[in-house]
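Visitor: One structure coming up, written as structure tokens, with questions to follow.
The values are calculated or read from the model by the stated rules, or taken from the named source; none is laboratory data. Bear in mind that the values here come from a model prediction, so they are computed numbers and not experimental data. So basically every Cβ, Gly included, is an ideal-geometry build from the backbone, and we count neighbours across all protein chains shown. These area figures cover heavy atoms from the full protein model, side chains too; ligands, DNA and RNA do not enter into them. Shrake-Rupley method; radii C 1.70, N 1.55, O 1.52, S 1.80 Å.
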Amino acid sequence: MFGVTNKAQAQFGFSHEIGGIMGPVAFQSDYGERNDISTNSGNTGFGIGLIHYLNFSYKAECNCYTPETYFNDHFKLRSELSYNKTNLQHFGEWVADKKTSLTARQLRAMQGSTAVTNIGMQLEFFPFSIRDFTANIGSWAPFVSLGGQFSFFKPTAESSLGPGLGQLPTVTPIKYIDAFDVKGGTTWSVVSSVGTRYKLTELSDLMVDLRFQYYFSNWVDGLSPDPKVYLENRANDWNVWLNFGYIYYLN
């Protein structure tokens, strides 16, 4: 049995890399004014993750390179388990202190958060040779990636005006009546990023990448106003995540 297992593994023709990532997350949702700088900078959180790579240019079991093909020398497959959490509130013109309407006071009183756990894969493309990068300490390897993830989300929301958020018009802005759900759920998302690696040692890299993640749901933040009436809230939720990571090559 051991002989059969070893033979099967030798046919895979790749090596493994593991690592960790962390960094700030800017969450774009139904909280805050659309295209507002204070919203983009205010609704931010933090994320962490574990990552695994299949390196097709190198075979760990024989300590040798794989047959040279364009795919082997320019692509890696990245698997990921990550978690991010963001505190949310309304920013922008409609919640300015000078605004004294009931809606403005209701918006200022709202606070929320969302916690998202993601699991999925991305295919990373390196325009320059992966073999050349691996062989030269101090070198750089820029990349772009595209993939998909399955996400578990759990939002929270409350109002300093009291209970009844989402139902009572005395507490809830009219656009969020019957557009409020904090039970949580799941959704798919598409992920794309651009970044680079730095060859730190023979068996380790540093990494930085800027990721865009678009969810196929508008409920990730717990709010979903009618998109036909409130055009400013017609887009699904999405985020931008700046990752800093460390990657180790397994022999």
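Visitor: How far apart, in nm, are the 7 Å Cα→Cβ label points at T44 and S101?
Guide: 3.0
Visitor: So, with +1 on the Cβ of K and R and -1 on the Cβ of D and E, and no other charges, what is the size of the charge dipole of region 120-251 about its Cα centre, to the nearest 20 debye?
Guide: Dipole size: approximately 100 debye.
Visitor: Would you kindly derive the ³J(HN,Hα) couplings of region 128-137 from the backbone phi angles with the Karplus curve 6.51 cos²θ - 1.76 cosθ + 1.60 (θ = phi - 60°), listing them in order in whole Hz, with x for Gly and Pro?
Guide: Working through the residues one at a time gives 9, 4, 5, 4, 5, 4, 4, 7, 10, 5 Hz.
Visitor: How long are the three semi-axes of the equivalent ellipsoid of region 145-251, in whole Å, if each is the root of 5 times an eigenvalue of the C-alpha gyration tensor, listed from largest down?
Guide: 39, 15, 12
Visitor: Taking the Cα centre of the chain as origin, work out the dipole magnitude from +1 charges on Lys and Arg Cβ and -1 charges on Asp and Glu Cβ, in debye rounded to 20.
Guide: 240
Visitor: Would you calculate, for the chain, the mean residue ellipticity at 222 nm contributed by helices, counting each DSSP H stretch of 4 or more residues as -39,500 (n - 2.57) and dividing by all residues, to the nearest 500?
Guide: Value at 222 nm, helices only: -3500 deg cm²/dmol.
Visitor: Take the solvent-accessible surface of the protein heavy atoms, probe 1.4 Å, and return the percent of it on the chain that carbon and sulfur atoms account for.
Guide: Percent of accessible area from carbon and sulfur atoms in the chain: 64.
Visitor: What share of all Cα pairs of region 68-196, in percent, falls into each consecutive 5 Å distance bin?
Guide: It works out to 2, 9, 14, 13, 11, 10, 9, 8, 7, 6, 5, 4, 2, 0, in whole percents.
Visitor: Bin width 10 Å, origin at 0, all Cα-Cα pairs of the chain: what percent of pairs per bin?
Guide: Distribution as computed: 7, 27, 25, 17, 12, 7, 3, 0 percent.
Visitor: Now a separate question. Would you kindly give the portion of the calculated P(r) for region 90-135 that falls above 12 Å, as a percent of all Cα pairs?
Guide: Values: 777 of 1035 pairs.
Everything past 12 Å amounts to 75 percent.
Visitor: Between their Cα atoms, which of K99/K228; K85/K175; K98/K175; K76/K228; K183/K228; K98/K154 are more than 30 Å away from each other?
Guide: Over 30 Å Cα-Cα: K76/K228; K98/K154.
Visitor: Per residue, what accessible area does region 162-251 have, given a 1.4 Å probe and all protein chains present, in Å²?
Guide: Result: 49 Å² of accessible area for each residue.
Visitor: Full extension from F71 to R234: what is 0.36 nm times the residue separation minus their Cα-Cα distance, to one decimal in nm? The partial results should precede the final answer.
Guide: Working: separation 163, 0.36 × 163 = 58.68 nm, distance 3.91 nm.
So the extension gain works out to 54.8 nm.
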